[in-house]
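*Asks:* Here it is: the structure, laid out below.
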Amino acid sequence: MLDLGILGPVRAVRAGRDVALGGPKQRAVLALLLIDAGRVVPAEYLAEVLWRGSRRQRRVRRCVRMCRGCVRCWVPKPRWWRGAAGM
């Protein structure tokens, strides 16, 4: 089981041990996804919140995909998971 916390520092604990969550942007993506748990969070929203005003849109999209991919590595997949489109 994975316990996730966003009150205080963003952290994840599995089997009593902290999970390495990466840098500040990856932790911020995790926090934003947890705040909207159970809802689709568009990549454009993550980009706007985390890289507001950036002129490097191609780079921002790539960073969002990378951060999202890292978050998926930390979170265990549910039994029904079959690699749904867009996931």
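*Asks:* Looking at Cys73, Cys63, can you tell me which residue is part of a helix (DSSP H, G or I), modelled with pLDDT of 65 or more, closer than 20 Å to Met1 by Cα and not aromatic (Phe, Trp, Tyr)? If you could, list the steps in order and put the result at the bottom.
*Replies:* Numbers: Cys63 fails: closer than 20 Å to Met1 by Cα.
Within the list Cys73, Cys63, the selection yields Cys73.
*Asks:* Any residue in region 11-24 that is modelled with pLDDT of 85 or more sitting within a Cβ distance under 8 Å of a residue that is among the basic types (Lys, Arg) and assigned to a strand (DSSP E or B)? List the pairs, counting only those 6 or more apart or interchain.
*Replies:* Going by the 8 Å Cβ cut-off, the qualifying pairs are Asp18/Arg11.
*Asks:* Let me ask another. Do you know which of the residues in region 31-44 that are at pLDDT below 85 and not in a loop (DSSP other than H, G, I, E, B) is farthest from the chain's Cα centre (by Cα)?
*Replies:* Among residues in region 31-44 that are at pLDDT below 85 and not in a loop (DSSP other than H, G, I, E, B), the one farthest from the chain's Cα centre (by Cα) is Glu44.
The values are calculated or read from the model by the stated rules, or taken from the named source; none is laboratory data. In this text, all values refer to a predicted model and were calculated from it rather than measured experimentally. Note: ideal-geometry Cβ built from the backbone for every residue, glycine included; neighbour counts use all protein chains shown.
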